[in-house]
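FYI, it's all coordinate maths here, none of it is from the lab. Quick caveat, the model's predicted, so the values are computed rather than measured. As a convention, Cβ positions derive from the backbone with ideal geometry for all residues, glycine included, and neighbour counts pool all protein chains shown.
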Amino acid sequence: MTALLGGTFNPPHNGHLALVHTAEERFGDEVVVLVAVRPGHKEVQLDGETRLRLAQAAFPAQEVEADPYERTVDMLKAGRWNDPVFLIGADEFCDFLTWKDPEGVVARSQLAVATRPGYPRDRLDAVLSELSRPDRVEFFEIEPLPISSRDIRERVARAEPIDRLVPPAVAELIESLGLYRNA
């Protein structure tokens, strides 16, 4: 079975790495990292090719590829993977019912939702209770890492260090390409 981690990776950070490593340990699966070229849910200032390079630098041991679809369900409908596990964070899962065709997503993939210790289970259960296939959702805990891509972009713009927030190869690429300086 293949696990999929999709996102903008603007930039990828150590929290993303922790999620991938925990998912590999938990599910024993190959994890494919999918970089949303034109994400339908948020604005990104970097083009898909640059974000793909950042993700490839962050995940040298994983398959990393561009996802041309704006919405997860459309990528899953394309049918490249047979019943994959789609990895998302607990915060994303709390917004899952606002996604395009959430029922279509759980029909075409299992959801593996990464939670952190102390995360309010009632928020997750509220979403779970609205799904027709709650059996397709599995929760697993990851070590909490208070890192966000937005914080990293802001730090770079202020010329502050990001060494402990991103893999060294990502920090080097951000520096060499002069990314996020005007964020």
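A few remarks follow.
- Cα centre as origin, Lys/Arg/Asp/Glu Cβ charges: the chain dipole, Debye: 380
- Difference of contour (0.36 nm per residue) and Cα-Cα distance, E103 to E43: 19.1 nm
- With the cut-off at under 16 Å, measuring from each backbone N in region 167-183 to a point 7 Å along the Cα-to-Cβ line of E160 picks out 180-183.
- Inter-centroid distance (Cα atoms) of region 62-121 relative to region 1-56, Å: 12
- Selection from G89, W99, V32 lying farthest towards where the dipole of the chain points positive, charges on Cβ: W99
- What the Cβ-Cβ distance of D122 and H21 gives, at R0 = 35 Å and to the nearest 0.05, is a FRET efficiency of 0.80.
- The chain - mean residue ellipticity at 222 nm from DSSP helices (-39,500 (n - 2.57) per run, n ≥ 4, rounded to 500): -10500 deg cm²/dmol
- Here is the list for region 1-108: trypsin sites (Lys or Arg not before Pro) lying in DSSP coil, each with at most 15 other C-beta atoms within 10 angstrom of its C-beta, are K42, R80, K100.
- In this rough spin-label picture, where each label sits 7 Å from Cα along the Cβ direction, the L145-A66 distance is 2.6 nm.
- The chain, relative contact order [Cα under 8 Å, separation at least 6], %: 25
- Dipole magnitude (debye, nearest 20) for region 68-123, charges at Cβ of Lys, Arg, Asp, Glu: 120
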